[in-house]
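The values are calculated or read from the model by the stated rules, or taken from the named source; none is laboratory data. Being a predicted model, the structure only gives us computed values, none of them experimental. Note that each Cβ is placed from the backbone with ideal geometry, even for glycine, and that neighbours are counted across all protein chains shown.
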């Protein structure tokens, strides 16, 4: 009887040891899986940032093509409009415009799609359209027509400048700020500034400076711009 108890006890001890060893193996496998997932996630994040930068550039290029179509149809640069139901009301009411051939986001005009910016690269602000800034070696000394994506993250600013070819460790810096909120929106009442804002030409390593992410010296905010039409 005692021998049977000893055998049963040894068997149970062996089972417990197997369970413990199995648990250790499972914990190790789980830890490795978690670490692998974290590393993979980091790679996805980096790749996603590049993809979103590319997507943003494609959106801006589509806007530029639309402006070209409008100008080729014989409109003046001051006639260009950016109305859309999802855009700020300052840009006008697209539905109320009887002749939409000067509208960027109308099929009869520029034929561009109104697109929301890619997620997680700025504070959610929509595209803005200004005629308030002159850029180094772009056109004359007049203000350019530009699209601006305001308040992008520093991480995105560095990445898109790197893609464009700027020194990624030093975002270009404006003397004032090319993003001016509602004051400078290009609409029926506000077109091109007679005295344009100027940027620091020494901070632009690429010229002509057709697009870049810049940091405003006034508040250290970051904004991406793309020249839609040089003047």
*asked:* Whether any residue in the stretch 144-163 is touching a helix residue (DSSP H, G or I) at 6+ places or on another chain (Cβ under 9 Å), modelled with pLDDT under 95 and part of a strand (DSSP E or B) is what I want to check.
replied: no
*Looking at residue 139, is it without any contact (Cβ under 8 Å) to a residue 60 or more places away in the chain and either assigned to a loop (DSSP other than H, G, I, E, B) or surrounded by fewer than 22 Cβ atoms within 10 Å (Cβ to Cβ) (or both)?*
no
*Within the stretch 176-190, which residues are surrounded by fewer than 19 Cβ atoms within 10 Å (Cβ to Cβ) and either in contact with a helix residue (DSSP H, G or I) (Cβ under 7 Å, 6 or more places away or on another chain) or outside any loop (DSSP other than H, G, I, E, B) (or both)?*
181, 182, 183, 187, 190
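In this structure, does residue 173 turn out to be in contact (Cβ under 8 Å) with a residue 24 or more places away in the chain, surrounded by fewer than 20 Cβ atoms within 10 Å (Cβ to Cβ), touching a helix residue (DSSP H, G or I) at 6+ places or on another chain (Cβ under 6 Å) and closer than 23 Å to residue 64 by Cα? Spell out the reasoning first.
Details: in contact (Cβ under 8 Å) with a residue 24 or more places away in the chain: yes; surrounded by fewer than 20 Cβ atoms within 10 Å (Cβ to Cβ): yes; touching a helix residue (DSSP H, G or I) at 6+ places or on another chain (Cβ under 6 Å): yes; closer than 23 Å to residue 64 by Cα: no.
No; evaluated as a whole, the condition is false for this residue.
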*May I ask you to list the residues in the stretch 72-83 that are crowded, with 16+ Cβ neighbours inside 10 Å and farther than 17 Å from residue 190 by Cβ?*
75
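Could you pull out the residue among 87, 112 that is out of contact with any strand residue (DSSP E or B) (no Cβ under 6 Å at 6 or more places or on another chain), in a loop (DSSP other than H, G, I, E, B), farther than 23 Å from residue 231 by Cα and modelled with pLDDT of 95 or more? Explain how you work it out, then say what you get.
Values: 112 fails: farther than 23 Å from residue 231 by Cα.
Matching residue, one of 87, 112: 87.
Take the stretch 115-136 and flag every residue that is within 25 Å of residue 75 (Cα to Cα) and part of a loop (DSSP other than H, G, I, E, B). Walk me through how you get there before you give the answer.
Let us first name the residues in the stretch 115-136 that are within 25 Å of residue 75 (Cα to Cα), namely 115, 127-135.
Across the stretch 115-136, the qualifying residues are 115, 127, 135.
Report, by residue number, each residue of the stretch 207-230 that is touching a strand residue (DSSP E or B) at 6+ places or on another chain (Cβ under 7 Å) and assigned to a loop (DSSP other than H, G, I, E, B).
Residues of the stretch 207-230 touching a strand residue (DSSP E or B) at 6+ places or on another chain (Cβ under 7 Å): 210-217, 221-230.
Scanning the stretch 207-230 gives 210, 217, 221, 230.
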_Within the stretch 116-136, considering residues that are in contact with a helix residue (DSSP H, G or I) (Cβ under 9 Å, 6 or more places away or on another chain) and surrounded by fewer than 18 Cβ atoms within 10 Å (Cβ to Cβ), the one nearest to residue 229 (Cα to Cα)_ = 136
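From 205, 220, which residue is surrounded by fewer than 16 Cβ atoms within 10 Å (Cβ to Cβ) and either modelled with pLDDT of 95 or more or within 18 Å of the chain's Cα centre (by Cα) (or both)? Please lay out each step first, then the result.
Details: 205 fails: either modelled with pLDDT of 95 or more or within 18 Å of the chain's Cα centre (by Cα) (or both).
Being surrounded by fewer than 16 Cβ atoms within 10 Å (Cβ to Cβ) and either modelled with pLDDT of 95 or more or within 18 Å of the chain's Cα centre (by Cα) (or both) holds for just one of 205, 220, which is 220.
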*Considering only the stretch 176-204, state which residues are more than 17 Å from residue 223 (Cα to Cα) and free of Cβ contacts under 8 Å to residues at least 60 places away in the same chain.*
189, 190, 194, 195, 202
*Here are some residues: 128, 144. Which one is in contact with a strand residue (DSSP E or B) (Cβ under 9 Å, 6 or more places away or on another chain) and closer than 22 Å to residue 89 by Cα?*
128
